[in-house]
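Structure first, then comments.
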Amino acid sequence: MSGLKIDNIQKRFGDVHVLKGIDIEIDEGDFLILVGPSGCGKSTLLHMIAGLESVTSGTISIGQRDVTHLNPKDRDIAMVFQSYALYPNMTVRQNISFGLSIRKVPESEQEEIVQRVAEMLQIGPLLDRKPSQLSGGQRQRVAMGRALARKPSIFLFDEPLSNLDAKLRVEMRTEIKELHNRLGTTMVYVTHDQIEAMTLGQRIAIMKDGVIQQFGSPQEIYDEPVNQFVAGFIGSPSMNFIPCPVVKQDNQLSIELDNETGKFYLPIDGKNAELESWVGKTIILGLRPEKITHDIASHADNQGIHRANCRVGIVEPTGPDTLVFIELNNTKTVCRVDPSEAKNTGENIDLMFDLTKAVFFEPETGERVC
Amino acid sequence: MVEQNQQQSLLGRAFVYSALVLGAVYFLIPLFVMLITSVKTLDDIRTGSLISWPDQITFEAWSAAWTSACIGVDCGGLKGYFWNSISMVVPAVAISTLIGAFNGYVLTKWRFRGSDIFFAMLLIGCFIPFQVVLLPMARTLGFLGLAGTIPGLILVHVIYGLAFTTLFFRNFYVSVPDELVKAARIDGAGFFTIFFRILLPISGPIIVVSVIWQFTQIWNDFLFGVVYSAGDKQPITVALNNLVNTSTGVKQYNVDMAAAIIAALPTLLVYFVAGKYFVRGLTAGSVKG
Ligand SMILES: Nc1ncnc2c1ncn2[C@@H]1O[C@H](COP(=O)(O)OP(=O)(O)O)[C@@H](O)[C@H]1O
Ligand SMILES: [Mg+2]
């Protein structure tokens, strides 16, 4: 059953065209992520789902009910805000039960719900405190608690973790995921953080300038980005984009790469049909850092694997991997190398290029070629 | 080096303090003169100098000012007029503050087409001199049948004060995050519930500012009082003027001074009680968490 359907939504603030035709449909119980750089219209879209912002055109349905013109209170939603938006004059208990008391839920039932929520989020000891007496992480929990007090048909989150420090953010991320597994309620989650998007989402909508660039599962978006923007936005460190001439070398369609150690050619297998017309032109090769590694002997015979010797630039150890920067066609390129195999700056290293997941983009438009 | 610095800072401090003391003395001497004059006998005033200490302290002038001094032909003291002022100030302050809060709420949290222009026009209201509105207001009060009454005065002060109270609350609510209102809307709270249960309870600092400001403005007002009220419905400022100007027999400086202090007492009291909240409210930033 449909959990949320957004049909050709447009939004203008006066002359500013903020959302330019958004279409999204997810199943009931799905976890949808809206992700994109700051100012792309994520919050606006979420606020429109909530009914806090009017729509210029298009329709929104929650659980097969058209809610486009309903008030927020009639949409059966709950929302967690970036600033938490706790009522400063009320205790935690009152914050959680405010919505219930407005909806005339009997007092005894309110108390039961407060207890249930407090237990779920481990905020029992905080119930009689004011928000000003809480730490950032505790406020965040209370904000979640307020949303959990009712059993809405959809939860909306607007960057709920972005004000927390890194460690707490990771903890809460896991907790939100557990919560979703437990409740099974449809959730829409706005973030500008691609790691949050990848780890939490079942469905991810990547937005830019009021347009959805790609809508799919995390793996689809990671492996098959539709354009250079999506490819660069998802993944850390970012995908390498290397402009390469496409050439016929030994009757093999290849890309030409140039390092301080000399030129080398990597044959492209399996994408000949699409790339044939590019011979003699320059194309953008998209290759993720983990696809350029140290020489792993056991991989040597796999398809699409090629070796090359390159000069090492900057080296950045991260712990599990060491990031080695090399120059390819005058473009800084990151490689993910085992720490024990990494070389120092200025030395040469034998690298293994795995082109099976390589993607190619139009240099002008950034659109995916193949 | 260090010693020299210390000496310099000591010198600077001495300079600052003596300037402050001088300033304080300059402002306090009139008050001091008023106070000692009000507890002197008339003979004492005639024989002594302006700042000489009273021979004997008596509060007769105070009780005369309160209950028996002649104001025009009526010799009942300031008492009645004091209560006139109270019954004018309290509702006028309460109403103008409440409406100002409400305006501020609408102008910041429920912005409408033209709300900025509306606010700009209200701001101009802060700069309109009293004299400009005297005649139109007199006609309006006459039309409403409120001419010469305390409710009429209340109405005038509420209208005139709205520009200021709206400005106070609007600037305060601008710093209250909009997400607070959005959260309340999702919780199901309506327009008035949000105002009375979320916004107003966190407005303490700015309410204090508005109340002090309005209280002193309205209590001290003379012009509106003298124009729009008559007879025994006049506020204390007008009565004080009439008391001082009533010339039967000798000029009773001690009664005049006592009356002037009585008239000033409520505003002084408000400042002493709430002054520190006034400063705090004016500098209050956004409501955290
Ligand atoms: N009330 C508004 N009036 C005018 N422009 C707005 C308003 N709200 C948002 N915008 C504009 O819409 C764009 C998208 O904003 P927003 O949805 O908050 O972005 P995001 O949440 O993705 O960072 C921004 O360029 C912003 O300036
Ligand atoms: Mg946002």
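The values are calculated or read from the model by the stated rules, or taken from the named source; none is laboratory data. Given the structure is predicted, the values throughout are model-derived calculations rather than measurements. Cβ sites come from the backbone with ideal geometry, for glycine too, and all protein chains shown count toward neighbours. Remember, those area values only see protein heavy atoms, side chains included, never the ligands or the DNA or RNA. Shrake-Rupley method; radii C 1.70, N 1.55, O 1.52, S 1.80 Å.
Per-residue answers, yes or no, for (1) within 15 Å of A:Ser238 (Cα to Cα); (2) touching a Gly at 6+ places or on another chain (Cβ under 7 Å); (3) open to solvent by 80 Å² or more (accessible area, probe 1.4 Å); (4) at pLDDT below 95:
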residue	(1), (2), (3), (4)
A:Gly319	no, no, no, yes
A:Leu323	yes, no, no, no
A:Lys332	yes, no, yes, no
A:Arg336	yes, no, no, no
A:Glu341	no, no, yes, yes
A:Glu347	no, no, no, yes
A:Asp354	no, yes, no, yes
A:Cys370	no, no, no, yes
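Just to be sure before I move on: is B:Val106 free of Cβ contacts under 8 Å to residues at least 24 places away in the same chain, open to solvent by less than 60 Å² (accessible area, probe 1.4 Å) and within 19 Å of B:Ser203 (Cβ to Cβ) in the structure I sent?
Yes, satisfied.
Looking at B:Gly161, B:Gly204, can you tell me which residue is of a type outside the set (A, V, I, L, M, F, W, C), under 30 Å from B:Lys276 (Cβ atoms) and facing another protein chain (nearest Cβ under 10 Å)?
Values: B:Gly161 fails: facing another protein chain (nearest Cβ under 10 Å).
Matching residue, one of B:Gly161, B:Gly204: B:Gly204.
Here is a list: A:Val80, A:Val35, A:Val16. Which entry is loosely packed, with under 15 Cβ neighbours inside 10 Å and within 16 Å of ligand 2 (Cβ to nearest atom)?
A:Val16 is the lone residue from the list that is loosely packed, with under 15 Cβ neighbours inside 10 Å and within 16 Å of ligand 2 (Cβ to nearest atom).
Kindly indicate which of A:Leu19, A:Leu45, A:Leu52 is within 16 Å of ligand 1 (Cβ to nearest atom), within 26 Å of the chain's Cα centre (by Cα) and without any contact (Cβ under 8 Å) to a residue 24 or more places away in the chain.
A:Leu52
For the range B:185-195, how many residues are in a helix (DSSP H, G or I), farther than 14 Å from B:Thr108 by Cβ and either within 9 Å of chain A (Cβ to nearest Cβ) or in contact (Cβ under 8 Å) with a residue 60 or more places away in the chain (or both)? Please lay out each step first, then the result.
The first filter runs over the range B:185-195 and keeps only residues in a helix (DSSP H, G or I), leaving B:185-186, B:191-195.
Narrowing the set further to residues that are farther than 14 Å from B:Thr108 by Cβ leaves B:185-186, B:192-193.
Narrowing further to those that are either within 9 Å of chain A (Cβ to nearest Cβ) or in contact (Cβ under 8 Å) with a residue 60 or more places away in the chain (or both): B:185-186, B:193.
Adding up the residues that qualify gives 3.
Restricting attention to the range B:269-284, does a residue exist that is open to solvent by less than 60 Å² (accessible area, probe 1.4 Å), farther than 25 Å from B:His157 by Cα and within 14 Å of chain A (Cβ to nearest Cβ)? Break it down into steps so the answer makes sense when it comes.
Taking the range B:269-284 as the starting set, the residues that turn out to be open to solvent by less than 60 Å² (accessible area, probe 1.4 Å) are B:270, B:274-275, B:278, B:281, B:284.
Narrowing the set further to residues that are farther than 25 Å from B:His157 by Cα leaves B:284.
Then drop every residue that is not within 14 Å of chain A (Cβ to nearest Cβ), which leaves B:284.
Checked against the condition, which is being open to solvent by less than 60 Å² (accessible area, probe 1.4 Å), farther than 25 Å from B:His157 by Cα and within 14 Å of chain A (Cβ to nearest Cβ), the range B:269-284 yields at least one hit.
Please state which one of A:Ala308, A:Ala297 is over 30 Å from the mean Cα position of the chain (by Cα) and modelled with pLDDT under 90. Give the steps one after another, and end with the answer.
Numbers: A:Ala308 fails: modelled with pLDDT under 90.
When all the criteria are applied, what remains is A:Ala297.
Any idea how many residues of the range A:1-16 are in contact with a His (Cβ under 9 Å, 6 or more places away or on another chain) and either more than 9 Å from ligand 1 (Cβ to nearest atom) or within 12 Å of A:Asp27 (Cα to Cα) (or both)?
So the answer is 1.
Any idea which of B:Leu162, B:Leu200 is assigned to a helix (DSSP H, G or I), under 30 Å from B:Gln234 (Cβ atoms), open to solvent by 10 Å² or more (accessible area, probe 1.4 Å) and not aromatic (Phe, Trp, Tyr)?
B:Leu162
Here is a yes/no grid of residues against (1) in contact with a helix residue (DSSP H, G or I) (Cβ under 6 Å, 6 or more places away or on another chain); (2) open to solvent by less than 40 Å² (accessible area, probe 1.4 Å); (3) not aliphatic (A, V, I, L, M):
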residue	(1), (2), (3)
A:Leu161	yes, yes, no
A:Glu171	no, no, yes
A:Leu179	no, yes, no
A:Arg182	no, no, yes
A:Thr185	no, yes, yes
A:Val190	yes, yes, no
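So is A:Leu148 within 24 Å of A:Val114 (Cα to Cα) and surrounded by fewer than 19 Cβ atoms within 10 Å (Cβ to Cβ) or not?
no
Among the listed residues B:Gly76, B:Gly145, which satisfies the condition of being surrounded by fewer than 16 Cβ atoms within 10 Å (Cβ to Cβ), within 16 Å of B:Pro235 (Cβ to Cβ) and free of Cβ contacts under 8 Å to residues at least 12 places away in the same chain?
On the way: B:Gly145 fails: within 16 Å of B:Pro235 (Cβ to Cβ).
Result of the check over B:Gly76, B:Gly145: B:Gly76.
For the range A:267-283, give me each residue that is assigned to a helix (DSSP H, G or I) and either of a type in the set (S, T, N, Q) or open to solvent by 60 Å² or more (accessible area, probe 1.4 Å) (or both).
Step one: list which residues in the range A:267-283 are assigned to a helix (DSSP H, G or I), which gives A:272-278.
The answer is A:Asn272, A:Ala273, A:Glu274, A:Glu276, A:Ser277.
Going residue by residue through the range A:55-74, is there one that turns out to be in contact with a strand residue (DSSP E or B) (Cβ under 8 Å, 6 or more places away or on another chain), within 16 Å of ligand 2 (Cβ to nearest atom) and touching a residue at least 12 places away in the same chain (Cβ under 8 Å)?
No; the residues of the range A:55-74 include none that is in contact with a strand residue (DSSP E or B) (Cβ under 8 Å, 6 or more places away or on another chain), within 16 Å of ligand 2 (Cβ to nearest atom) and touching a residue at least 12 places away in the same chain (Cβ under 8 Å).
Just the residues that are more than 30 Å from A:Gln138 (Cβ to Cβ) and touching a helix residue (DSSP H, G or I) at 6+ places or on another chain (Cβ under 7 Å), please, taken from the range A:51-97.
First, the residues of the range A:51-97 that are more than 30 Å from A:Gln138 (Cβ to Cβ): A:54-71, A:74.
Result: A:Val55, A:Ile60.
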